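What follows is a short report on a single structure.
The values are calculated or read from the model by the stated rules, or taken from the named source; none is laboratory data. These figures come from a predicted structure and were not determined experimentally. Neighbour counts are summed over all protein chains in view; Cβ atoms, including those assigned to glycine, are modelled from backbone coordinates with ideal geometry.
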Amino acid sequence: MNFYENNKRLAQEVLQEIQKEEYGKSKIGENQTILVEYSSPNIAKPFHIGHLRTTVIGAALYNIYKYLGYNTVGINHLGDYGTQFGKLIEGYKRWGNEYNLDENPIEELMKIYVRINDLCKEDETVLESARENFRLLEEKDPYCTELWERFKDLSLKEFQKIYDMLRC
C-alpha cells in the first residue's frame, strides 16, 4: 500500500496546533508539590561520576514533573556536617599553612583529610581533638565555624563549575 502526505498541509496543521495556548501544558500535577533531590555531593570531597548520574537524573525528573504541572522543588543537599569536619578542622589547624586552598581547593582539602585521618588511626588523642572540634562547630565556635564556612564556600564554587557545564 502506498500513500502520500501533503507535507505543506501537515506542517500547517502541526504549527496551528502548537500555537494553541494550551498545547504542551499538562494539569496532571496541578495543586500538587513534588520534591526532587539532586546529586548531594560532600563538601571538601571530589564530585564523582555517581554525583553526575544523580544530577542528570534529578534534572530530568524535575523537568518532567514541571511539564506535568507540578509545583516542582529541586533540592541539592550538601553533605556538609559530621565528625569528618572535626577531623578536617584539626588537620587544617595543624598543617593548613602547607596547603594552598585557593588553587585547587578540593584536592588540597582531600590531602589534609587523608593525612589527618591517617593520624587519627595512629593516635587516639588526635581523634579526640577532632571530636572536640566538631563539638565546637556544633556550638558555633567562631574559629571552627569560619573554617567550615570557608571549606563549604570553596567546595560550592568548585561544584558550581560542573553544574554550569551541565547547563550547556
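The set of residues from region 65-80 being surrounded by fewer than 16 Cβ atoms within 10 Å (Cβ to Cβ) and of a type in the set (A, V, I, L, M, F, W, C) comprises VAL73, ILE75, LEU78.
Just for region 112-163: of the residues that are among the basic types (Lys, Arg) and under 22 Å from the mean Cα position of the chain (by Cα), which one is farthest from GLY50 (Cα to Cα)? Before you say what the answer is, go through the steps one by one.
Initially, region 112-163 is screened for residues among the basic types (Lys, Arg), giving 115, 121, 131, 135, 140, 150, 152, 157, 161.
Cutting the leftovers down to under 22 Å from the mean Cα position of the chain (by Cα) gives us 150, 152, 157, 161.
Numbers: ARG150: 25, LYS152: 20, LYS157: 19, LYS161: 17 Å.
Restricting to residues being among the basic types (Lys, Arg) and under 22 Å from the mean Cα position of the chain (by Cα), the top hit is ARG150.
If you take the residues of region 81-111 that are of a type in the set (Asp, Glu) and surrounded by fewer than 17 Cβ atoms within 10 Å (Cβ to Cβ), which of them is nearest to the chain's Cα centre (by Cα)?
If we filter region 81-111 for residues that are of a type in the set (Asp, Glu), which is where we start, we get 90, 98, 102-103, 107-108.
Right, trim to surrounded by fewer than 17 Cβ atoms within 10 Å (Cβ to Cβ) and you get 98, 102-103, 107.
On the way: GLU98: 28, ASP102: 20, GLU103: 21, GLU107: 17 Å.
Here the answer is GLU107.
Anything in region 16-41 that is in a loop (DSSP other than H, G, I, E, B), in contact with a strand residue (DSSP E or B) (Cβ under 8 Å, 6 or more places away or on another chain) and at negative phi? List them, or say none. Hits for region 16-41 are GLY29, GLN32, TYR38, PRO41. Among residues belonging to region 35-64 that are within 30 Å of LEU154 (Cα to Cα) and of a type in the set (Val, Ile, Thr), point out the one that is surrounded by the most Cβ atoms within 10 Å (Cβ to Cβ). Here the answer is ILE43.
Consider GLU13 carefully, then state whether it is in a helix (DSSP H, G or I), surrounded by 10 or more Cβ atoms within 10 Å (Cβ to Cβ) and over 13 Å from the mean Cα position of the chain (by Cα). In short, yes. Among the residues making up region 42-53, a single one is closer than 16 Å to LEU166 by Cα, under 9 Å from the mean Cα position of the chain (by Cα) and not in a helix (DSSP H, G or I): PHE47.
In this structure, does GLY69 turn out to be modelled with pLDDT under 95, more than 22 Å from the chain's Cα centre (by Cα) and of a type outside the set (Phe, Trp, Tyr)? It is true that GLY69 is modelled with pLDDT under 95, more than 22 Å from the chain's Cα centre (by Cα) and of a type outside the set (Phe, Trp, Tyr).
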